[in-house]
Amino acid sequence: GAGVSQSPSNKVTEKGKDVELRCDPISGHTALYWYRQRLGQGLEFLIYFQGNSAPDKSGLPSDRFSAERTGESVSTLTIQRTQQEDSAVYLCASSLGGYWNTGELFFGEGSRLTVL
Amino acid sequence: KQEVTQIPAALSVPEGENLVLNCSFTDSAIYNLQWFRQDPGKGLTSLLLIQSSQREQTSGRLNASLDKSSGRSTLYIAASQPGDSATYLCAGTQGGSEKLVFGKGTKLTVNP
């Protein structure tokens with residue numbers, strides 16, 4: 001596609017439910033990032049995928065959070081047993097070859113998650 | 001741990017003014033640096049990327065520079081317009097990592 005695509009754009013869920021967020025990166029981009037942005041806060045790094053290498057999961061806040069990516073395609077971020085503090089905008093970004101190479105990150109519009 | 005500070009947190013200027021946004025890193029060993037804008041309720045739009053071998057980048061009315069010795073970057077906006085109103089974020093790598101660390105942004109309002 002022309003840009004990074006994320007779905008759903010908005011998700012309202014009840015506390016304790018599981019949610020799945022999807023990111024479709026720019027075609028050909030090997031690197032994919034997930035960030036979280038809480039209201040009025042900066043962006044928090046969650047996880048980074050580069051090609052077929054083991055992902056950098058060091059930013060995942062708890063074991064309720066997990067993410068998968070098959071090859072260089074779509075990624076899903078799963079939050080189990082959601083809590084109210086999980087409410088945030090979840091942003092996905094991709095880049096060609098990773099930040100150490102060509103560097104430039106392109107972001108999607110985000111998925112706004114509200115946990116009631 | 002890399003931390004990024006952006007000053008000022010908010011800025012309101014009349015249309016036509018030239019302005020400077022500042023960004024500083026606790027770890028000056030920055031590999032790449034990128035400036036973004038974020039409109040309310042939207043994702044981030046890339047503005048300028050300064051790669052490791054560069055010190056400056058220009059795009060239209062925007063100019064970004066990076067002083068690696070001090071770990072400071074500035075974004076210069078010339079002849080500001082109401083359409084420039086947005087939050088501007090800078091981000092850089094965290095020492096040898098692919099993680100991009102973000103500042104909290106500067107909220108810019110350009111008044112007609």
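Key figures for this structure:
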| quantity | calculated |
| --- | --- |
| Residue selected from segment A:47-73 under the condition part of a loop (DSSP other than H, G, I, E, B) and within 14 Å of chain B (Cβ to nearest Cβ), by the criterion surrounded by the fewest Cβ atoms within 10 Å (Cβ to Cβ) | A:54 |
| Any hit, segment A:53-74, residues being of a type in the set (A, V, I, L, M) and touching a residue at least 40 places away in the same chain (Cβ under 8 Å) | yes |
| Any hit, segment B:91-108, residues being away from every other protein chain (no Cβ under 14 Å) and out of contact with any Gly (no Cβ under 8 Å at 6 or more places or on another chain) | yes |
| One residue from B:66, B:47, B:75, B:21 being under 13 Å from residue B:90 (Cβ atoms) and within 12 Å of chain A (Cβ to nearest Cβ) | B:47 |
| Filter result for residue A:35 (buried (at least 21 other Cβ atoms within 10 Å of the Cβ), within 12 Å of chain B (Cβ to nearest Cβ) and free of Cβ contacts under 8 Å to residues at least 40 places away in the same chain) | no |
| Yes/no for residue A:18 being within 14 Å of chain B (Cβ to nearest Cβ) and charged (D, E, K, R) | no |
| Entirely in segment B:54-103, the strands (runs of 3 or more DSSP E) that have 3 or more residues that are surrounded by 14 or more Cβ atoms within 10 Å (Cβ to Cβ) | B:62-67, B:72-77, B:86-93, B:100-102 |
| First in segment B:12-33 and in contact (Cβ under 8 Å) with a residue 24 or more places away in the chain and part of a loop (DSSP other than H, G, I, E, B), second anywhere and aliphatic (A, V, I, L, M) and surrounded by 18 or more Cβ atoms within 10 Å (Cβ to Cβ), Cβ under 6 Å, 6 or more apart | B:15/B:110 |
| Residue list for segment B:85-103, filter: in contact (Cβ under 8 Å) with a residue 40 or more places away in the chain and more than 13 Å from residue B:31 (Cα to Cα) | B:86, B:87, B:88, B:89, B:90, B:102, B:103 |
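Each reported figure results from applying straightforward, stated rules to the coordinates on display, with no laboratory input. Just so you know, these numbers come straight off a predicted model, no measurement behind them. No Cβ is skipped: glycine too gets one built from the backbone with ideal geometry, and neighbour counts run over all protein chains shown.
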